[in-house]
Amino acid sequence: MKHIFLFICFISTAGAQFTPNYIDAAGEGFLSIEARTPIGGNMGTTLGEQRRIVLEEAISRWEQFLKPEGPVVIDASFAALACSADRAALAGASAVTFFRNFSGAPELNTWYPVALANHLAGRDLSANASEIRVRANISIDSDPSCVGGRGFYYGLDAMPGNQFNFLRVLIHEIGHGLGFSSLLNSSDGSLNGGFPDVYTKNLIYLPTETPWTDLTDQARLTIRQSGVFTVWAGQNTQLAAPQVITDGARPLEVVVDGTDEKLIAALASFGPSIPQASISGELVLVDDGVFPTSDACEEPLINAAEIAGNIALVDRGTCSFAEKIIRAEDAGAIAVIVANNVPELLNVMGEDTGPFPTIPGVSVTMEAGVILKNLPANATVTIQFSQTPGLNNGRPFMHTPQVFAAGSSISHFDINTEPDLLMEPNLEVFERHPDLAITLMRDLGWTVNDVPFPNQNYDFWVSLNLDQFSPSGMDDDADSDGVSNFEEYAFGTDPSDANSVPSVPLALPDGSGGLLRITRSNQAVDVNYQLQSSTNVDDFFDVTLSPINTNQIVGEQVIENFDLGSLMESTFFRVKATR
């Protein structure tokens, strides 16, 4: 099956919010006057008009969630971008420029894309210039040899058939222009002008839990194509991702049995995989009798009797990976862990020629090797695939394919994530809203409203809603309205507005039955809600009612409806919220 990828080129160069600015030549691109029949809810009658309607619809999708405090002018045009029979650059987008150390910047010495910088500063920092540049590939529509002449679909109904959905493409591209991209130098891995950007600050190299901005330039060049070992660490997205992601990458990990220790590992490119998703045994450091004794480069291994039936730990160096693993296999090992001999990096073992072992071999970092060597004698470890596919402690994996793709690597979610996310590099599925792209925008510093799934815990909610001068304890009442901060959080009301208080479930008269309507937060991931009832308003008891699937999201609250059936006496209800 062919896959069509977005290859995005991010370029840094020296009015009303979300304003499109069409810069094509007259009669070209977004200004084409070629006659067209309305399609899929798009009532434009020329090709240019249909294209403009799609861009304006893409803008409206972002406007559902983002309310910029400064201008976001989008220069839009068509151009001849790369295209072949089976690969195409559908479009490209970038922030026009970047700013740091402006008034209102949350972090000093950090680059912010101009649209976000305008928002944070509350004014236009770019002297009335545009903020985002979007270019769509004219060859998609005009060249029959370009990916089979499939063309763009300009309907708004998410039914593109075999064509490329132009609406999804543009929503995706606007996301890049708003900040979903790294400013790292793709040639040498350096930070832009020696300063980090706000996007890259949220990237974590998982094997050593190292922020990308703390890695060396060379390390960044290496790990940008290391596979699935980089995660997004922003707290909004970390809290939201388990509500969205159902499947995805499953990296290997070495678990020290009986502890919480989990060390990221990489399977060798030769030999078998881990059988039945895991393998366990006592960990034994090899001893080949010749310094350095733990590299398994001499034979026979002098502690072969201890290794037999167990998992061997070997240090990298001196001889080939396959040789090390075969020697441990000859001693009876059931698997081998090879610790790197250089700091920071997880090495993926590869061999060009055989012979190859018939037992699994995995590698870990030098730092992980130190941890394993310091385990007590007879410690048992398990090599297994991650039990939370697509996530690591709630953090989604980023796109770091083993073949680096300029403008695509790093600056997308991992391609294997399910369901398909807006900001993955593939274009298989169209979604109606920007999913985790909106929580990532909040991580960058955007003010994001009405996120349609849980993405906060109480501590994070406090950081977003209560400044350092407000009483922020759970039992405090920041706006003196008689509702505690925790209750404001649990029921989705404004802690700074005394007129914003939770809705109270109503008591219904005896025999009437009907619906019970409850309003609570749609954002809280750490609140348990328990419905309780009473006939005397003194003694309340836990109760379970049948939910009716008519839940309605209003802002950051959800209205839930429950079937009461027929009540035989007057009944009062309340909702108990606990953390």
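The values are calculated or read from the model by the stated rules, or taken from the named source; none is laboratory data. Being a predicted model, the structure only gives us computed values, none of them experimental. Glycine also receives a Cβ, built like all others from the backbone with ideal geometry; neighbour counts cover every protein chain displayed. In case anyone asks, the SASA skips ligands and DNA or RNA and just uses the protein heavy atoms, side chains included. Shrake-Rupley method; radii C 1.70, N 1.55, O 1.52, S 1.80 Å.
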**Asked** What pairs can you find where one residue is in the stretch 452-470 and over 19 Å from Ile553 (Cα atoms) and modelled with pLDDT under 90, the other is among the small types (Gly, Ala, Ser) and surrounded by fewer than 18 Cβ atoms within 10 Å (Cβ to Cβ), and their Cβ atoms are less than 9 Å apart, with a gap of 6+ or different chains?
**Response** Asn465/Ser496; Leu466/Ser496; Ser470/Ser496
**Request:** Please go through the stretch 321-347 and pick out each residue that is outside any loop (DSSP other than H, G, I, E, B) and either surrounded by 23 or more Cβ atoms within 10 Å (Cβ to Cβ) or of a type in the set (Val, Ile, Thr) (or both).
**Result:** Phe321, Lys324, Ile325, Ile326, Arg327, Ala328, Ala335, Val336, Ile337, Val338, Ala339
**Message:** Given the condition under 28 Å from the mean Cα position of the chain (by Cα) and open to solvent by 80 Å² or more (accessible area, probe 1.4 Å), answer yes or no: does some residue in the stretch 518-536 qualify?
**Reply:** yes
**Selection count, the stretch 336-359, where residues are small (Gly, Ala, Ser) and over 33 Å from the mean Cα position of the chain (by Cα)** = 1
**Request:** Please enumerate the residues belonging to the stretch 139-180 that are open to solvent by 30 Å² or more (accessible area, probe 1.4 Å), over 16 Å from Phe30 (Cα atoms) and in a helix (DSSP H, G or I).
**Result:** Gly148, Gly149
**Asked** Just wondering, is there one or more residues in the stretch 187-203 that are of a type in the set (Ser, Thr, Tyr) and under 24 Å from Asp435 (Cα atoms)?
**Response** yes
**Request:** Please indicate, with yes or no, whether at least one residue in the stretch 299-306 is open to solvent by less than 50 Å² (accessible area, probe 1.4 Å), in contact with a strand residue (DSSP E or B) (Cβ under 9 Å, 6 or more places away or on another chain) and under 30 Å from Thr200 (Cβ atoms).
**Result:** no
**Asked** How many residues are part of a loop (DSSP other than H, G, I, E, B) and surrounded by 13 or more Cβ atoms within 10 Å (Cβ to Cβ) if we restrict to the stretch 348-364?
**Response** 7
**Checklist (1) over 30 Å from Arg61 (Cα atoms); (2) of a type in the set (Asp, Glu); (3) under 33 Å from the mean Cα position of the chain (by Cα); (4) open to solvent by less than 50 Å² (accessible area, probe 1.4 Å) applied to Glu487, failing item** = (4)
**Test set (1) part of a loop (DSSP other than H, G, I, E, B); (2) among the β-branched types (Val, Ile, Thr); (3) closer than 18 Å to Leu375 by Cα - Thr318 fails condition number** = (3)
**Item:** Given (1) in contact with a Ser or Thr (Cβ under 6 Å, 6 or more places away or on another chain); (2) open to solvent by less than 20 Å² (accessible area, probe 1.4 Å), number of the condition Ala117 does not satisfy
**Value:** (1)
**Request:** Sort through Ala115, Ala85, Ala95, Ala89 and tell me the only one that's modelled with pLDDT under 95 and under 25 Å from the mean Cα position of the chain (by Cα).
**Result:** Ala89
**Request:** Any chance you could count how many residues in the stretch 62-84 are closer than 25 Å to Ser32 by Cα and open to solvent by 10 Å² or more (accessible area, probe 1.4 Å)?
**Result:** 10
**Asked** Considering only the stretch 189-243, how many residues are surrounded by fewer than 17 Cβ atoms within 10 Å (Cβ to Cβ), part of a helix (DSSP H, G or I) and among the charged types (D, E, K, R)?
**Response** 2
**Asked** What about Ala296, is it of a type in the set (A, V, I, L, M), more than 30 Å from Pro401 (Cβ to Cβ), open to solvent by less than 10 Å² (accessible area, probe 1.4 Å) and not in a strand (DSSP E or B)?
**Response** yes
**Asked** Does any residue in the stretch 348-366 that is within 14 Å of Ala296 (Cβ to Cβ) come within less than 7 Å, Cβ to Cβ, of a residue that is charged (D, E, K, R) and surrounded by 10 or more Cβ atoms within 10 Å (Cβ to Cβ) six or more places away or on a different chain, and which pairs are these?
**Response** Pro357/Glu329; Ile359/Glu329
